[in-house]
Each structure stands twice: as C-alpha cells, then as structure tokens.
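**Q** Dumping the structure here so I can ask a few things about it.
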Amino acid sequence: MFRTLGVGAAAASLLLLAGSASPASAQASPRYGEEAPPTGQITITVATVNGSGCRPGSAAVAVAPDNTAFTVTYSEYLAQAGKDSRPTDSRKNCQIALNVHVPQGFTYAIAKADYRGYAQLAPGAVGLEQAGYYFQGSSETARKSHRFTGPYDANWQSSDETGIDALVYAPCGEKRYFNINTELRVDAKGSDPKLTSYMAMDSTDGSINTKYHFAWKQCPR
C-alpha cells in the first residue's frame, strides 16, 4: 500500500465508549436513543452496492455486540487528484442498501454517524466528505459535508449527529432498506501539479470504518 492507515489509533477508535458505570447506572438507556437496545439478535446484510467508490463485494457490515451500533467497512473507496490522475478519479461515491432485521417489537433510527479514513493532501489541495441516509420510501436526510485542507497527512474523522426530536425511525412492522449515500472529492487545482492528493474511506485490514449509532424505541402494541 502507498499510505499509512494508523492502525493502532483507528482500531482503538472502534471500541464503544463504555464509560465508568456503577451497577445502578449500568441499566440506564444508552447515550444515543430513548430506550435501551433490544437483547435479541440483529442481522444486517448488504442488499445492493452501487457507485464508483464501491464495487460489489467491497463493503462489509458488522453489528456491535451490545446492539448499540453497526459498522460499514470499505476496501476500495478512494478519490484522488493531481499527478497521474484522471478527471473521474477526483470524485467517488457509494450508494449502499442494507437489509436490517431487528427483534420483533422494536424499531430504530440513526442518532449519530462517524466517518473515518485517511487523507494525504498536498498544500493547496482540498478534500471533501459528505453523506446522507434514509429509509426506503422516505426522504433522504440533509447531506452534511466536511472539508479538509492541505497540507494534511493523517487519519481523518467526521461526525453527523441528529437530535432526539429530529430522529426518523423505521416504520414498525415494515421491511424497508436502510440506504446510505456517501461521497469523497479531492480538488488539487490549487496545489503543485507534480503532486498527488487523495482521500480514502477504505481499509486494508478492517481497522478503519464508518460507524452508525442506533437509537431504539419499542413499537406500539
């Protein structure tokens, strides 16, 4: 590989923050969500993958053991510009549809999304990450953008959080795909044309991924 992924720091960032909970507080609802997560099994599978940044088979999903979040790991998601780059290399996107199965009687929303990757931006170059998500048949959330300016040569991270009052829950008792749209862009017009700049949201060993934090609610009986 031609870049350093900062495996140690990135891997540590995947651990869920448990905090220092006393026995009395251990049963309290998690930070993200109105109710404690269900204890039953949650399964998430990739239904479809489309986009220039993620060919089929290049995205994997895993659910956290405590059902508070899930992660998506990409293996070939990189945008670049500058030396030896084609115009189409500067913008990459990925649209992924997930089939989410949750225990009966529960529904979920996404309270927070953490996006991670690695960027190497020459002086004058600019990298952009933006994302939105929605349930099948519903309107997409407003896309939120995050800019990174060169010189930059490190892991990057951005977070999009939704307030409790603005959470959109999956319809109870209905099967709807959960769709995620992400995009990476690199603009190297202001940098040395002999240099290459890139921004990646991929990982060679699963240590860098995006994390989506659940908010849980019981369905009406």
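**Q** How do L128, L195, L98 stack up against each other in accessible area, from largest to smallest, with a 1.4 angstrom probe? Let's see the in-between values first.
**A** On the way: L128 35, L195 75, L98 0 Å².
Final ranking, largest accessible area leading: L195, L128, L98.
**Q** Could you please put Y177, Y212 in sequence from largest to smallest accessible area, using a 1.4 Å probe? Before the final figure, lay out each step's value.
**A** Values: Y177 85, Y212 0 Å².
Output order, biggest surface exposure first: Y177, Y212.
**Q** Going Cα to Cα from K175, which lysines come in below 17 Å? Please leave out same-chain ones fewer than 8 positions away.
**A** The reachable lysines, counting only those whose Cα sits under 17 Å from K175, are K217.
**Q** While we're here: How charged is the neighbourhood of A188? Take every other residue with its Cβ under 15 Å from the Cβ of A188, and add Lys/Arg as +1 and Asp/Glu as -1.
**A** Values: positive: K83, R86, R91, K92, R147, R185, K189, K194; negative: D84, D89, D153, D187, D192.
Surrounding charge for A188 is +3.
**Q** For a quick check of understanding: with a 1.4 angstrom probe and all protein chains in place, what accessible area in square angstrom does F106 have, to the nearest ten?
**A** The accessible area of F106 comes to roughly 50 Å².
**Q** Just want to confirm a number: the relative contact order over segment 66-221, from Cα pairs under 8 angstrom separated by 6+ residues, in percent.
**A** Values: 382 pairs, mean separation 70.1, N = 156.
Computed value for segment 66-221: 45 percent relative contact order.
**Q** Could I ask something else about it? Would you mind checking which residues have amide H under 5 Å from A215's amide H? H placed 1.01 Å from N; only 5 or more apart, or other chain.
**A** Answer set, sorted by chain and number: A109, I110, A111.
The values are calculated or read from the model by the stated rules, or taken from the named source; none is laboratory data. In this text, all values refer to a predicted model and were calculated from it rather than measured experimentally. As a convention, Cβ positions derive from the backbone with ideal geometry for all residues, glycine included, and neighbour counts pool all protein chains shown. To get the accessible areas, we keep the full protein, side chains included, count just its heavy atoms, and leave off ligands, DNA and RNA. Shrake-Rupley method; radii C 1.70, N 1.55, O 1.52, S 1.80 Å.
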